[in-house]
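The values are calculated or read from the model by the stated rules, or taken from the named source; none is laboratory data. Quick caveat, the model's predicted, so the values are computed rather than measured. Backbone-built Cβ (ideal geometry, glycine too); neighbour counts: all protein chains shown.
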Amino acid sequence: MIDLFLEPLAYEFFRHSLLASLMVGALCGLIGVYIVLRGMSYIGHGLSHAAFGGAVVGFTLNLNFYVGAGAMGLLAALLINQITKDGKIKSDAAIGIVTTAFFALGVAIISRVRSYTQSFEAALFGNILGVTGEDLTVIALVTIFTMTTIFFMYKPLLFSTFDNEAARVFGIKTGLVQLIFSFILTLAIIASMNVVGVTMIAAALVIPASTARMLTDSFSRMLIYSTLIGAVMGVVGMYLSYTFNAASGATIVLFGALLFCLALLIKFLREKFMLHSHVHSHGALTHSHPHGPRHGKEDHIHEKGGAETSGQK
Amino acid sequence: MYPAVSLSDVTVGYERKTVFTNLSLEIPVGLFAGIVGPTGSGKTTLLKTILGTQSVFSGEVRLMGHPIDRLPPGSIGYVPQLESVDWSFPVTVEQVILMGLYTNKGIWPWPTRQERDKVHDLADRLGIHDCLHHHIVSISGGQRQRAFLARALVNSPKLLVLDEPTAGVDIKTQHDVLHLLGELNSEGITILITTHDLNAVAAHLPWVICFNQGLVAQGKPREIFTSDILTQTYGGEIVIIEYQGHFLVANKMQLHLEEHTGHSA
C-alpha cells in the first residue's frame, strides 16, 4: 500500500507535479473563498479562458507562456472592470464578451496552425508531465505573493466581500480592493493553468470553498478549511492522475467533487443528529424542538425549576 | 460650527434620468431627523448622496464641513436596510461589529485586546452580548438591527445614518430601536434615518424631512404633519387624528374602507 504512494515519487516529473498541485490546490482553495462569497464563480472560468488566448498569442510571437497569458489575463480583468464601472452592463455579460473573445482568438490561431494543438493540450486539461522547473518557480512565487496579500488585506477584503456599499461608507477603498483582488486572481489562474487546465480552473476554485462553507459558519475557519481541502484535492488528484493515466485537471476536480458530496452527507447527518438531540426530558416534561443546528440561545430558554419555553425573544 | 450635512444645489440621477435637482439642505449637528416620503421619492438616493456612494451630476455635498472623500475614516456610522444583508455569509455577530473598526490603523488580521473590549462593552450596552459568537442568521430581527447598529457605533462616529431601521421588525422592536437612537442622540450623535412609518416618526423623532423628488417641508413633526403637507408629499389624501395629546397619521382611503366594511384594512 505504501509503495503505491512512494513509487511515483521516484520520478522527478511526479515530484514536480505533486508540489505544483499542492500549491495550486491551496492557492485556488484560498482565493475560491472570496470567489464563492462574492458570487463571482463565472469570472474564474472566464479569466482562465482569456489567459489561454493570451498564451497562444504569446506562443505565436515567440514570447514566454506566462508573459502572453499574464498580459491577456490582466487586460481582460481591467476591461471587465472598466465595462462594468457605470453599471449599465452587468459583470456576467462583460465576462462573457471579453474573455470568450480572447479565448476565441486563441482557438482561431490553433485551428490555423495544427501543430499548436499538442502544445496547448496541457493548458486546456492539465497534464502531469507538463510541470517544468519554471512552472514550479512561478507557482511558488504567486502562492507566496497571494497568501501575503490576502493576509495583510484580510480586513478590507472581508468587509467589502460582505457588504461592499457599507465598506465604502466606512472608509474602505473598495475600488482599489477590487482591483488588487482581480490582479491576484488573474495571477493565480495563470499559475494554475498547466496543472489544472483552463477548462477545470473554475471548479478548482469553487469546490474547496463550497465544501468548506458546509463545514463551518466562521469566515476565518472557512479560509483555513478551503485552503487545506484545495491542497488535499491537488495532491490526491495528482496521485489519481498518475495511477489512472488521466488528465490531472480532471482527476483533481473529480476528487474534489467527491469531497463535496462527502461534506453534503456530513451536513445532512449533522442536521439530522442535532434535530434528534433536541428531543429530551426535563423531569416529567418530555419535548422536542423542530429546528436545525443554527439556532440561537433565544430559541431555547431554560427556566429555573425545570420549566422551559421556546421561541424567539 | 459646520452643519453635520450640507447639500448645496445638488442634482442627482441615474444615466439620463434625474431623481432630484438643485437640492439645498442643511442638517445641523446634534439633530435626530427622519426622512419620509413615498416609495420611489428618492429617499434612498438622498441617503446615498449624503453617504457618498451616489455620484452627483452637479452641486456640492459636505459632511462636518469636509467633502466626503476627505472625511477621516470612521466619521460616519451606517446601518443598511437589513433586507440587503447576505444572511448566509459566514460571520458571527462579533465579526460584524469588528468590521466597524477595520479602517483603523493596524495591518494584522486579528483584533487587538482594546478593540475586542470595545466591542464587548458596546454589545453589553445594546443587549446583544450573549449572542456575540452566534452566526448572524441565528439571531432575532431585533438583535440583527442592534448588531448592525453596534457596527455603526463602534468607531464613535459623529454622524449616524440608518436606512429603514424600522422595516421588517415588530412594533416593540421598532419602539426599542427608536428609543435607543433617541438616547444616542442625547449623547451628541447626529442621526438621520429614512422610514415609511409616519406614526413612529411622530412619536419618537424631534425633526422630520418630507421628501418627494425634492424637499417638500421640514420641521418638528407637530408642525409638519398636517394634512396638506403629507398629501403634498404622498399624493394621496392623508388624515391626521389627535388622540390624548398624540397624533396618528392615516390614509383616508383606508379609513373609508374600514367605515364600509367595519374591519381594519
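For the stretch B:151-178, a residue qualifies if it is within 12 Å of chain A (Cβ to nearest Cβ) and assigned to a loop (DSSP other than H, G, I, E, B), and the qualifying residues are B:Val154, B:Asn155, B:Pro157, B:Val169, B:Asp170. Within the stretch A:131-155, residues that are within 14 Å of chain B (Cβ to nearest Cβ) and more than 16 Å from A:Val67 (Cα to Cα) reach partners that are of a type in the set (Ser, Thr, Tyr) and in a loop (DSSP other than H, G, I, E, B) with beta carbons closer than 6 Å, at six or more positions or on different chains, in the pairs A:Lys155/B:Tyr102. Can you find even one residue in the stretch A:231-245 that is crowded, with 24+ Cβ neighbours inside 10 Å and β-branched (Val, Ile, Thr)? Within the stretch A:231-245, none of the residues are crowded, with 24+ Cβ neighbours inside 10 Å and β-branched (Val, Ile, Thr).
Taken over the stretch B:40-54, residues that are in contact (Cβ under 8 Å) with a residue 40 or more places away in the chain, over 13 Å from the mean Cα position of the chain (by Cα) and surrounded by fewer than 20 Cβ atoms within 10 Å (Cβ to Cβ) amount to 1. When A:Ile189, A:Ile172 are checked against the criterion of being of a type outside the set (Phe, Trp, Tyr) and farther than 30 Å from B:Pro72 by Cβ, a single residue qualifies: A:Ile189.
Check the stretch A:36-49 and report whether any residue there is part of a helix (DSSP H, G or I), within 14 Å of chain B (Cβ to nearest Cβ) and surrounded by 16 or more Cβ atoms within 10 Å (Cβ to Cβ). Yes, there is a match, as at least one residue in the stretch A:36-49 is part of a helix (DSSP H, G or I), within 14 Å of chain B (Cβ to nearest Cβ) and surrounded by 16 or more Cβ atoms within 10 Å (Cβ to Cβ). Just one residue in the set A:Ile190, A:Ile180, A:Ile207 is away from chain B (no Cβ under 14 Å) and either over 16 Å from the mean Cα position of the chain (by Cα) or under 17 Å from A:Leu18 (Cβ atoms) (or both); that residue is A:Ile180. Condition test on B:Val137, is it surrounded by 19 or more Cβ atoms within 10 Å (Cβ to Cβ) and either part of a helix (DSSP H, G or I) or acidic (Asp, Glu) (or both)? Against the criterion (surrounded by 19 or more Cβ atoms within 10 Å (Cβ to Cβ) and either part of a helix (DSSP H, G or I) or acidic (Asp, Glu) (or both)), B:Val137 does not qualify.
Here's the yes/no breakdown for (1) crowded, with 18+ Cβ neighbours inside 10 Å; (2) touching a Leu at 6+ places or on another chain (Cβ under 9 Å); (3) under 23 Å from B:Gln218 (Cα atoms); (4) within 13 Å of another protein chain (Cβ to nearest Cβ):
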residue: B:Thr18; (1), (2), (3), (4): no, no, yes, no
residue: B:Leu23; (1), (2), (3), (4): yes, yes, yes, no
residue: B:Leu31; (1), (2), (3), (4): yes, yes, yes, no
residue: B:Val36; (1), (2), (3), (4): yes, yes, yes, no
residue: B:Gly65; (1), (2), (3), (4): no, no, yes, no
residue: B:Ser84; (1), (2), (3), (4): no, no, no, yes
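The one condition from (1) assigned to a helix (DSSP H, G or I); (2) out of contact with any Phe, Trp or Tyr (no Cβ under 9 Å at 6 or more places or on another chain) that A:Phe52 does not meet is (2).
Scanning the stretch B:67-86 for residues that are at pLDDT below 90 and not polar (S, T, N, Q) yields a total of 10.
Criterion applied to B:Ile50, B:Ile128 was being over 30 Å from A:Val36 (Cβ atoms) and within 11 Å of chain A (Cβ to nearest Cβ), and the one residue passing it is B:Ile50. Taken together, A:Ser281, A:Ser277, A:Ser288, A:Ser220 contain a single residue that is farther than 30 Å from A:Ile128 by Cα, small (Gly, Ala, Ser) and modelled with pLDDT of 90 or more, which is A:Ser220.
Return the only residue of B:Ser6, B:Ser84, B:Ser75 being within 24 Å of B:Glu115 (Cβ to Cβ) and hydroxyl-bearing (Ser, Thr, Tyr). Sole residue among the options that is within 24 Å of B:Glu115 (Cβ to Cβ) and hydroxyl-bearing (Ser, Thr, Tyr): B:Ser75. For the residues B:Tyr78, B:Tyr102, the requirement of being within 9 Å of another protein chain (Cβ to nearest Cβ), without any contact (Cβ under 8 Å) to a residue 12 or more places away in the chain and among the hydroxyl-bearing types (Ser, Thr, Tyr) singles out B:Tyr102.
Of the residues making up the stretch B:227-246, none is in a strand (DSSP E or B), more than 30 Å from B:Ser140 (Cβ to Cβ), in contact with a helix residue (DSSP H, G or I) (Cβ under 7 Å, 6 or more places away or on another chain) and at pLDDT 80 or above.
When each of B:Phe148, B:Phe89 is tested for being under 18 Å from B:Leu184 (Cβ atoms), crowded, with 18+ Cβ neighbours inside 10 Å, hydrophobic (A, V, I, L, M, F, W, C) and within 11 Å of chain A (Cβ to nearest Cβ), the lone residue that passes is B:Phe148. If you go through the stretch A:158-217 and keep only what is small (Gly, Ala, Ser) and within 26 Å of A:Ala123 (Cβ to Cβ), you end up with A:Ser182, A:Ala188, A:Ala191, A:Ser192, A:Gly197, A:Ala202, A:Ala203, A:Ala204, A:Ala209, A:Ser210.
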